[in-house]
Structures are given as structure tokens and as C-alpha cells.
Amino acid sequence: MIRRTFHLSLVLIASGLGGAYGQSPPIQNELSLKIVDDDGRTVGELLNQFKADAKNHGQYVSRVAHAANDLYKRGVISESERQQLKQSAAHSSVGK
């Protein structure tokens, strides 16, 4: 199996879902467009799934942190992108 990561140099703001789960601070770079799995999901789509599934803020932050660490270990994202994801989740209002 060949894993490919497409790194697009576009600016995209990953939007939150709003409503009862709140929103995450925007990720304002190409990170949201990176393909992270064999199904073609992007970082932004993964975050939106975590938002939809989160029962509370702690669960959301934990899922993002675990995913960020995994993506970093697999070489999909850089250390700075890993930190950006974790900080964004921690400062979000998702699940509050």
C-alpha cells in the first residue's frame, strides 16, 4: 500500500459546526487540505467528524491530540502542525 500526502499551497479555514458544540479556532493554512488516510479524508474533515462525535470538550481535545500525534509519527504532518492542531482543539469551544 502506498500512502500519499498531497500538500496544497492554498489558504483554507476549517470551519466549525457551530450550535451546541461550538466552533474551533480556524486553522488558517494548507494543513486543512492535507490528505490523512486512504479514504481521501483531509485534516479538516477529520476535525469535523471529531466535533460531531464529541460528547464533551475533553473528549474532543483528546481525540484531536491522539490523531495529531499519530499523523506526526506517520510523517503526514510536521511538528509545528501537530502543535497547531492540539492548541486549536484546546482553545476551542467544541463540547462546552
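Which cross-chain or sequence-distant (5 or more) residues have an amide H under 5 Å from the amide H of Thr42, H modelled 1.01 Å from N in plane?
Amide H neighbours of Thr42: Val36.
For a quick check of your reading of the filter: which GluC sites (Glu not before Pro) in region 39-82 sit in a DSSP loop and have no more than 13 other Cβ atoms within 10 Å?
none
Read the figures in this text as sums done on the coordinates, not as results from a lab. In this text, all values refer to a predicted model and were calculated from it rather than measured experimentally. FYI the Cβ positions are ideal-geometry reconstructions off the backbone, even for glycines, and counts take in every protein chain you see.
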